[in-house]
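The values are calculated or read from the model by the stated rules, or taken from the named source; none is laboratory data. Predicted model, so just to flag it, every value in this text is computed and none were measured. Cβ atoms come from the backbone with ideal geometry, glycine included; neighbour counts cover every protein chain shown. Each accessible area value is taken on the protein alone, full model and side chains, heavy atoms only, with ligands, DNA and RNA left out. Shrake-Rupley method; radii C 1.70, N 1.55, O 1.52, S 1.80 Å.
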Amino acid sequence: MNVSHAQAAPAGALPDLNLVAVFDALLGERSVTRAAEQLGVTQSAMSHSLSRLRTWFADPLFVRVGSAMQPTPRALELAPVVVQIMASVRSGLLSQAGFDPASSTRRFTLCMTDMGESVFLPPLIAQLRAQAPHCTLQTLQIPQQEIPQALENGAADLAIGSLHAMPEGMFQQHLFTHPFVTIVGRANRRIGATISMEEFCAMKHVVVSLSGRSVDAYDRVIDESGIKRSIYLVTPHFLVVPLILEQNPDLIATVPRELGTVFDKYKAIRVPPPPTALPRFSLRQHWHPRFHHDRANLWLRQLVKKTFEDYPE
């Protein structure tokens, strides 16, 4: 009789249920050091726990690839069960313990773009420091297709921004809507206070896409409206766009209004209105159902919502 890999696991329960948390932390962090920090144990203790897991399952489970500890096929096979167990613990036992922002030392992790960091982090930091003085923040900039996994495995608490392709089943909450503006370098002599459709289509465009594909660009509503334009550069970074336009005045870009507002203050670019009305886009916060009832995650979501509930539309 053939026995599958899943059926070949050792008989009986794990010798120490704390190893489930160790496995979960390694899945999320892909680093022994960061997993140890997450669980509040020493790196030596984490390495010892990983050694016990390897012995128990007769598999390396996590192997170093470059700078990260990547899961083996066996670890990926076990991952859904581990994730389910930890979700039950977090939503059941741990959530009942409550969350006290005044005394917590938790580190919150947010997925957001570089534009999100420059525009939305400052007011959020001010609120966090006032209400949770011992908590800290970390931001992640990862490909959009990796964000759901980061939310699921706890590597990120929230994703904030205009995300086009989040899978079904993820929770989301609207924060505010934003218009697009067109920006050109101040050295651009071709464009005056306004820009015609002919000029708009004739110029080379810079677009921002987290996936690296122009079809996923943040300003893709332009192409969807039937406007034909020539795209010269696709970049995953918002903040580099005004600098590129400043040094290459023959290029043009259409970006969220706040980016134009921020860089207009530094006299790097000008902000003529787009040649046609463009749909506004919605900024949302996203989280995974695993953490919907987690008290700390709930508190963070409420803080984000409150911070931006009066943000100018």
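Computed quantities for the displayed model
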{"read-out": "Per residue convex hull volume, Cα atoms of segment 73-182, in Å³", "value": "145 Å³"}
{"read-out": "Size-normalised alpha-carbon gyration radius of segment 149-236, reference 2.2 N^0.38 Å", "value": "1.38"}
{"read-out": "Segment 220-308 - Rg over Rh from alpha carbon coordinates, Kirkwood radius", "value": "1.09"}
{"read-out": "Accessible surface of the chain [probe 1.4 Å, protein heavy atoms]: carbon and sulfur percent", "value": "54 percent"}
{"read-out": "The chain pair-distance distribution - Cα-Cα, 10 Å bins, rounded %", "value": "5, 23, 27, 21, 14, 8, 2, 0"}
{"read-out": "Under the span-like rule (Cα at least 15 Å along the axis, Kyte-Doolittle mean at least 1.0), DSSP H helices of the chain", "value": "18-29, 73-88"}
{"read-out": "Accessible area (Å², 1.4 Å probe, nearest 10) - Glu37", "value": "120 Å²"}
{"read-out": "Accessible-area ranking of Glu258, Glu224, largest first, probe 1.4 Å", "value": "Glu224, Glu258"}
{"read-out": "The chain - percent relative contact order, Cα under 8 Å, separation 6 or more", "value": "21 percent"}
{"read-out": "Added length on full extension, which subtracts the Cα-Cα distance from 0.36 nm per residue, Ser225 to Asn248", "value": "5.6 nm"}
{"read-out": "Mean accessible surface per residue for the chain, computed with a 1.4 Å probe while every protein chain stays in place, in Å²", "value": "50 Å²"}
{"read-out": "Cα→Cβ-extended label distance, 7 Å offset, between Ser118 and Gln70, nm", "value": "3.4 nm"}
{"read-out": "Most to least packed among 23-32, 213-222 [average Cβ atoms within 10 Å]", "value": "23-32, 213-222"}
{"read-out": "Residues of segment 108-136 with amide N under 12 Å of a point placed 7 Å along Cα→Cβ from Ala102", "value": "131-133"}
